[in-house]
1. Checking A36 against (1) surrounded by fewer than 15 Cβ atoms within 10 Å (Cβ to Cβ); (2) within 15 Å of I114 (Cα to Cα), which test does it fail?
2. Starting from the stretch 16-33, take each residue that is touching a residue at least 24 places away in the same chain (Cβ under 8 Å) and within 16 Å of P71 (Cα to Cα) and list its partners that are surrounded by 11 or more Cβ atoms within 10 Å (Cβ to Cβ) and among the aromatic types (F, W, Y), counting only C-beta distances under 9 angstrom and pairs at least six apart or across chains.
3. From the list I114, I132, which one is assigned to a helix (DSSP H, G or I), within 22 Å of A36 (Cα to Cα) and in contact with a Ser or Thr (Cβ under 7 Å, 6 or more places away or on another chain)?
4. With the structure loaded, tell me whether G63 is touching a residue at least 24 places away in the same chain (Cβ under 8 Å) and either in contact with a Cys (Cβ under 9 Å, 6 or more places away or on another chain) or among the small types (G, A, S) (or both) or whether it fails that test.
5. Sort through F6, F44 and tell me the only one that's assigned to a loop (DSSP other than H, G, I, E, B), over 16 Å from the mean Cα position of the chain (by Cα) and surrounded by 10 or more Cβ atoms within 10 Å (Cβ to Cβ).
6. Can L49 be described as surrounded by 16 or more Cβ atoms within 10 Å (Cβ to Cβ) and over 19 Å from V91 (Cβ atoms)?
7. Which condition number in (1) farther than 21 Å from M39 by Cα; (2) of a type outside the set (A, V, I, L, M); (3) crowded, with 17+ Cβ neighbours inside 10 Å is the one that G138 fails?
8. Inside the stretch 64-80, can you point out the residues that are over 9 Å from the mean Cα position of the chain (by Cα) and crowded, with 18+ Cβ neighbours inside 10 Å?
Amino acid sequence: MEPSTFGLVLNSLGTGLPLLLLHFLTTLALLGLGIACYMGITPFHERRLIAKGNAAVGLVLAGTLVALAIPLAATLASSLVLLDIVIWGLVALALQLITFAVSALLIRELRTMIEAGNIAAASTLVGIQLAIALLNAGAMAG
């Protein structure tokens, strides 16, 4: 690589890296906010149930993290301005949290089944969350 090309690459890294880190850390903070809100609205006591070995709750929590991250990643990829990332990220999180609330209303005894370790119920909820996350991400990126 020529020194002048290498210098251009370093210069580009020096100007782009701080912005990348700012956008990434903002999105990571939104993910943290989303999971905190999710744990606040669910009827489960995730930490306690996971500590007891409840695989269904662990599956739902892991699926929720991925379902929250998917539209946030789309927002991060399609937005150039920090405020855009924050606004659309909050919209994405709201849609995902609404998805959980609607699922809990539509699936009778969801809480009881998941707290009892029902993997089928947990998988169904995760499937719904991921499906909506993918549609959410498509809308955000479009």
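1. The single condition A36 does not satisfy is (2).
2. Taking only residues 6 or more apart or on different chains, not a single pair turns up.
3. Sole residue among the options that is assigned to a helix (DSSP H, G or I), within 22 Å of A36 (Cα to Cα) and in contact with a Ser or Thr (Cβ under 7 Å, 6 or more places away or on another chain): I132.
4. Against the criterion (touching a residue at least 24 places away in the same chain (Cβ under 8 Å) and either in contact with a Cys (Cβ under 9 Å, 6 or more places away or on another chain) or among the small types (G, A, S) (or both)), G63 qualifies.
5. F44
6. Yes: the conditions hold for L49.
7. (3)
8. Hits for the stretch 64-80 are A74, T75, L76, S79.
The values are calculated or read from the model by the stated rules, or taken from the named source; none is laboratory data. Only a predicted model underlies this, so the values are computations on that prediction, with no experimental measurement involved. Neighbour counts are summed over all protein chains in view; Cβ atoms, including those assigned to glycine, are modelled from backbone coordinates with ideal geometry.
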